[in-house]
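Below: the structure, in structure tokens.
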Amino acid sequence: MRAALRTALLLPTLAAAGLVDVVERALTGVVDCATCHSSLPTFKALAALGDERFVQTITQACIDLKIEDADVCEGAIRTQGPILAHDLRHFSLFGDTATKFCDAVFGMCDLPPVTPWLVPFPKPIPDVQRVWKSRGREPVKAMHFSDVHIDREYTLNSEAKCTKPICCRDFGERPKHVQSPALPLGMRTCDAPGLLADSMLEAAERLGAGARFSIFTGDVIDHAVWDVDEENVPRNMLEFTDQFAQKLSAPLFPALGNHESAPTNSFPRDTTEHDITADFVFNAQMQGWGQWIGENATAQIQHHSGSYAVMAPGMDLRVISVNTQYWYKQNFWLYDSDEHQPDPNGILSFLVEQLEAAEDAGQRAWIVAHMPPGRGDVVRDQSAYFDQVVQRYKHTIAGQFYGHTHADEFAIGYANYSARTAENAVSVAMIGPAMTPMSGNPAFKMYDIDPDTYELMDVRSYYTNISDPNYQLNPTWQLLYSARRDYAPLVPALPPNASLSPAFWHNLTEVFYKNDTAFQTYIAHKHRGREFVRRPCEGACKNGTLCEMRTLRADVCAQQSGPVFRIPDGHGHSSFAPELGSCEGSGIGGILRRMAAKAAEQDFVFDDSSALPEHADQTVMRL
């Protein structure tokens, strides 16, 4: 009641004052969790003036502070700003949602503990588990693509050194003298041209001849998040689907990425009181993916918010594609209620249903999704509940596959995170590298799969070196590493015919702790080539990276000191901060964080007599 009264009192103050000055003053004070909470009444009062006023004010502050070019500020805030305004009108100032909002938008708060909730399971773990044994047959192949980020507006010979978050486009203001012309196969400051996708898929078809199927772990759409709409997102999704269909002979089982929406990251919950939906995304999914997944799975997309399950051809393997955007911190629709919602849109329920069906039918399962569930940009509650699912169906799950980080890496799940040992390792996630040149050499993975256990026998990564003088004329796709060839000799306990089990990957992390040469080689593989490794990953960087390898829960590495090793983007910035996920710097969350830092750095001075009336609540407005 007191918070509502304070907000009501602020309305005439905001209306009378210079709104942009007030917002910039508020941003100056956002330096920690307490000051973020203190700023919320100001932003809540601004949201009460309506979406249009909210957007105009934040946009002008973005332009004043020179965070981005004016068109980027305008586009990103026009599309995503109304979601924040909607949130601010619906949560209270003193609950957990306010703290989660401060964390997601400004990165300022330690999150509250995971809210206790037991995932409902149809049946207990069977007393007798089926034992999956290999008969030593020839492995089958599957390919893994991720984060292609194709820019359909990529313009040959346009400026590759521009002032936007991505370049190589005709922004309508082409300079008279182009410093660095955009070349046919892509540039470090730009997302991928369509020709690069053709090259990658043609190489994959050749190198993976005879593959049973492929998986794609999301993010078709480019990083121009200020310039997406409900027309170009489905069109670009379908255009990439057509490329897959034309270039690859095996079926494709895709998952949705956070960029497959307009606004970016926008996946409203079923409980959201708003007329915006993600139905246009799901319709594009059904239209494009139906050729591979069949009628039943296509219907599941509509009924399960983009998730579906399908049997791999000729195999007792159920591929479960899960839309994890309902667990993503940057999906700001998650903050429009104070009510705890443990399973937004029933994604966990669908996953449990499919894993139970696999267990009952004597099948194994792969989980395919965009976001690795153990990273800092995943909501901790849903990450912890997902861990319950992994523990329950650990005998059924043969593998997990993700993208989003743009790095080639892995992560291990444990039965007991207080004792992360080889004996407690129960699942392993493969995280696929990106194709976009903005974050490194374009790459994809290939797996050798035991046809009896559906476990991985080898993991190979293929890449093309964009620094090669011949790259723009004839890109060469070559083997970067083979886990069997390069990592297995480091773990002597691995028999020649054994799968790359969770225990194997844990034992490899033990090697990385002791053998720094092996660890730095992994770092080079992670970032798809040594030319993208500017300095060794040591000390806190190494500890943080190893911690991320050893968790599929988002809260385990929360107190880990120091940054993990991130890929710098083409503009020299690290775009892969764990709290923002992959390349969210030009979205409204990244913009607001940078606005707060810039405002504090410049220590703005305002004329209080004109900006704030004498009767204003100086405690609230000072922030």
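Exactly one of these conditions fails for Arg534: (1) closer than 30 Å to Gln391 by Cα; (2) touching a residue at least 24 places away in the same chain (Cβ under 8 Å); (3) surrounded by fewer than 20 Cβ atoms within 10 Å (Cβ to Cβ); (4) within 24 Å of the chain's Cα centre (by Cα). Give me its number.
All conditions pass for Arg534, except number (1).
Just one of Ala204, Ala182 is outside the structural domain of Ile397 (by TED's automatic domain parsing) and surrounded by 17 or more Cβ atoms within 10 Å (Cβ to Cβ); which is it?
The unique qualifying residue is Ala182.
Say whether the condition of being within 17 Å of Val148 (Cα to Cα) and surrounded by fewer than 24 Cβ atoms within 10 Å (Cβ to Cβ) is met by at least one residue in the range 309-317.
no
Mind listing whichever residues of the range 152-179 are among the aliphatic types (A, V, I, L, M) and exposed (fewer than 15 other Cβ atoms within 10 Å of the Cβ)?
Correct list: Leu156, Val178.
Inside the range 452-483, can you point out the residues that are within 27 Å of Ala498 (Cβ to Cβ) and in a loop (DSSP other than H, G, I, E, B)?
Asp452, Thr453, Tyr454, Glu455 - these are the residues of the range 452-483 that are within 27 Å of Ala498 (Cβ to Cβ) and in a loop (DSSP other than H, G, I, E, B).
Where the second residue is part of a helix (DSSP H, G or I) and among the hydroxyl-bearing types (Ser, Thr, Tyr) and the first is over 17 Å from His90 (Cα atoms) and free of Cβ contacts under 8 Å to residues at least 40 places away in the same chain and lies in the range 36-62, which pairs have Cβ atoms under 8 Å and are six or more apart or on separate chains?
Sorted first by the residue in the range 36-62, then by its partner, the list stays empty.
Does the range 412-419 contain at least one residue that is assigned by TED's automatic domain parsing to the domain that holds Phe213, surrounded by fewer than 19 Cβ atoms within 10 Å (Cβ to Cβ) and in contact with a Ser or Thr (Cβ under 8 Å, 6 or more places away or on another chain)?
Yes, because at least one residue in the range 412-419 is assigned by TED's automatic domain parsing to the domain that holds Phe213, surrounded by fewer than 19 Cβ atoms within 10 Å (Cβ to Cβ) and in contact with a Ser or Thr (Cβ under 8 Å, 6 or more places away or on another chain).
Look through Thr277, Thr264 and report the one residue that is among the β-branched types (Val, Ile, Thr), under 23 Å from His406 (Cβ atoms) and either assigned to a loop (DSSP other than H, G, I, E, B) or at pLDDT 95 or above (or both). Walk me through it before giving the result.
Working: Thr277 fails: under 23 Å from His406 (Cβ atoms).
Result of the check over Thr277, Thr264: Thr264.
Of the conditions (1) in a loop (DSSP other than H, G, I, E, B); (2) buried (at least 22 other Cβ atoms within 10 Å of the Cβ), Tyr487 satisfies every one except a single condition; which number is it?
Failed condition: (1).
Based on what the data block shows, is Gln285 over 19 Å from Pro372 (Cα atoms) and buried (at least 16 other Cβ atoms within 10 Å of the Cβ)?
Working: over 19 Å from Pro372 (Cα atoms): yes; buried (at least 16 other Cβ atoms within 10 Å of the Cβ): yes.
So Gln285 fits the description; yes.
Any residue in the range 295-311 that's assigned by TED's automatic domain parsing to the domain that holds Ala255: show its pairings with residues that are polar (S, T, N, Q) and part of a loop (DSSP other than H, G, I, E, B) at Cβ separation under 6 Å, as long as the two are six or more apart or on different chains.
Hits for this filter: Ser305/Asn323; Gly306/Asn323; Ser307/Asn323.
Kindly indicate which of Gln341, Gln388 is assigned by TED's automatic domain parsing to the domain that holds Pro254, in contact (Cβ under 8 Å) with a residue 60 or more places away in the chain and on the phi < 0 side of the Ramachandran plot.
Gln388
If a residue has to be among the aliphatic types (A, V, I, L, M) and more than 23 Å from Gln243 (Cβ to Cβ) to count, how many in the range 164-194 make the cut?
1
Could you grab the pairs with beta carbons closer than 9 Å, sequence gap of 6+ or different chains, first residue in the range 122-148 and in contact (Cβ under 8 Å) with a residue 12 or more places away in the chain and within 25 Å of Tyr462 (Cα to Cα), second one part of a loop (DSSP other than H, G, I, E, B) and among the basic types (Lys, Arg)?
Matching pairs, first to second residue: Val140/Arg212; Lys141/Arg212; Ala142/Arg212.
(1) of a type in the set (D, E, K, R); (2) farther than 30 Å from Tyr393 by Cα; (3) surrounded by 15 or more Cβ atoms within 10 Å (Cβ to Cβ): which one isn't true of Asp275, the others all being true?
(3)
Sort through Leu14, Leu65, Leu9 and tell me the only one that's aliphatic (A, V, I, L, M), at pLDDT 90 or above and more than 24 Å from the chain's Cα centre (by Cα).
Working: Leu14 fails: at pLDDT 90 or above; Leu9 fails: at pLDDT 90 or above.
After applying the criteria, what remains is Leu65.
Can we say Asn236 is part of a helix (DSSP H, G or I) and free of Cβ contacts under 8 Å to residues at least 40 places away in the same chain? Steps first, please.
Working: part of a helix (DSSP H, G or I): yes; free of Cβ contacts under 8 Å to residues at least 40 places away in the same chain: no.
For Asn236, the condition - part of a helix (DSSP H, G or I) and free of Cβ contacts under 8 Å to residues at least 40 places away in the same chain - is not met.
The values are calculated or read from the model by the stated rules, or taken from the named source; none is laboratory data. The shown structure was predicted, so the numbers you read here are calculated from the model rather than taken from an experiment. All Cβ positions, even for glycine, are placed from backbone atoms using ideal geometry, and neighbour counts span all protein chains on display.
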